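Peer 1: After the structure tokens below, expect a handful of questions from me.
Rule-based calculations on the coordinates, nothing more; no lab input. For clarity, every value in this text was computed on a predicted model and none was experimentally measured. Reconstructed Cβ throughout: ideal geometry from the backbone, glycine too, with neighbour counts over all protein chains shown.
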Amino acid sequence: MKIALVTGSSGLIGGESVEFFSSKFDKIIGIDNDMRSYFFGSDSSTQWNLNRLKNKFDHFENYNCDIRNYSELELIFKEYGADISLIVHTAAQPSHDWAAKEPLTDFGVNATGTLNMLELFRNYCPEAVFIFTSTNKVYGDTPNYLPLVELEKRWEIDASHDYFKDGIDENMSIDHSKHSVFGASKVAADIMVQEYGRYFGLNTGVFRGGCLTGPNHSGAQLHGFLSYLMKCAITKNHYTIFGYKGKQVRDNIHSYDLVNMFWHFYQDPKQGEVYNAGGSRHSNCSMLEAIELCEGISGNKMNYSYAENNRIGDHIWYISDVQKFKDHFPSWDYKFDLKSTLLEMHENMLIRI
């Protein structure tokens, strides 16, 4: 039997992984205890997505398990052992604002939880492939010191600096910067995943995501800006822009396109490899541009205001350079651009809200 194990299986990327790999594996094991509702409130619970996945896939089984609890996790690995051929580790505390409120919880989930998964992987199914969803926040605020120019609706790289024209690549330093508490806990996990690949000779891949998005995202004010923005456009709830004149830029990758990257890596794995994984120049927007798109798609004028203070350590401009992954896996490409992602998100939310 060939098994894929997915942590955070009811979340955006975890749920997409369950769907994507359901036709490629004999059994899908999920691990998710809906801590998102603890982080962001009941409106952000992923229970609805768990119910949807359980109803849709007979060979999907979810365990309500906390990844900080090694003993609980070990029972799962003891049961399935070497039949596990893929681990997709997406479970996380994902907000740098929330992390500052409970650093112990944040580090426990993001760093200790990841180390638990790595050690069980090494002991029970070392022939498997381990994929970790890291974050661009491992680079801290270093991107804010790039040569930026202010345009009418966005910040952009100065055209005279050709190196960054396609975005930020994996050579950017993760040292000497302000990461946020969240960014620091993800750095710890990121480095450990690399180390288990390079030191122990295991197949591990680190994917440093930009803004991950898609129709099954349970967006909240503190995490998942594009999903939460569309939700506010539909409901006419108030939205707050934090700093940078609303011209801060993010690249956005659809959950399907990211999980498709995982699939390509699984078929030709590396040991401790790192990839920037975002929408790149293919799919990016500023906050002001995103508001315009959401208004156009929803047909509603958004109710928003501007707060002068930006979030601590927040990026002014971040676009991922994904050329390294494309060089390693030339058959991979995007399926969704920004507008098609937002249209799909809008249609899905109209049913759920």
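Peer 1: What residue among A189, F225, F200 has its Cα farthest toward the positive end of the dipole of the range 184-268, where the charges are +1 on Lys, Arg and -1 on Asp, Glu, each on the Cβ?
Peer 2: F225
Peer 1: In whole Hz, what ³J(HN,Hα) sequence does the range 131-146 give by Karplus (6.51, -1.76, 1.60; θ = phi - 60°), x for Gly and Pro?
Peer 2: Once θ is set to phi - 60°, the couplings for the range 131-146 become 10, 10, 8, 8, 8, 5, 5, 5, 7, x, 8, 3, x, 6, 9, 6 Hz.
Peer 1: Let me ask you something else. Can you compute 3J(HN,Hα) from phi for each residue in the range 239-253, using the Karplus curve 6.51 cos²θ - 1.76 cosθ + 1.60 with θ = phi - 60°, rounded to whole Hz and x for Gly and Pro?
Peer 2: Once rounded to whole Hz, the list reads 10, 10, 8, 9, x, 6, 6, x, 9, 4, 10, 9, 9, 10, 10.
Peer 1: Where the centroid of each part is defined by its Cα atoms, how far is the range 67-106 from the range 331-353 in Å?
Peer 2: Between the Cα centres of the range 67-106 and the range 331-353 lies a distance of 28 Å.
Peer 1: Continuing with this model, one more query. If neighbour count is taken as other Cβ atoms inside 10 Å, put W98, W317, W332 in order from fewest to most.
Peer 2: W332, W98, W317
Peer 1: A follow-up question, please. Tell me which of T240, A277, F336 sits at the most positive position along the dipole axis of the range 204-353, charges placed on C-beta atoms (Lys, Arg +1; Asp, Glu -1).
Peer 2: Selected residue: T240.
Peer 1: Where the only charges are on Cβ atoms (+1 Lys, Arg; -1 Asp, Glu), what is the dipole of the chain about its Cα centre, to the nearest 20 debye?
Peer 2: Dipole magnitude for the chain comes out near 520 debye.
Peer 1: With viscosity set to 0.692 mPa s and temperature to 37 °C, compute the Stokes-Einstein D of the range 1-150, Rh being the Kirkwood radius across alpha carbon pairs; µm²/s, no decimals.
Peer 2: 203 µm²/s
Peer 1: Give, as a single signed number, the net charge of other residues whose beta carbon lies under 15 Å from the beta carbon of I29, with Lys and Arg counted +1 and Asp and Glu -1.
Peer 2: -4
Peer 1: Using a 7 Å offset from the Cα along the Cα-to-Cβ direction at both I312 and D175, what is the distance between the two label points in nm, to one decimal?
Peer 2: 2.4 nm
Peer 1: Given labels modelled 7 Å from the Cα in the Cβ direction, how far is it in nm from E127 to K54?
Peer 2: Distance between the two pseudo-spin positions: 3.3 nm.
Peer 1: Here is a follow-up. Which of the lysines could be linked to K78 by a straight reach, that is with a Cα gap under 26 Å, when you skip same-chain ones fewer than 8 residues away?
Peer 2: Candidates past the 8-residue exclusion: K2, K24, K27, K54, K270.
Peer 1: Sticking with this one: Hey, could you grab the Kirkwood Rh for the range 3-352? Inverse mean 1/r over distinct alpha carbon pairs, Å, one decimal.
Peer 2: 20.3 Å
Peer 1: Here's a follow-up. Quick check: net charge around V149, other residues with Cβ under 9 Å of its Cβ, Lys/Arg +1 and Asp/Glu -1?
Peer 2: -3
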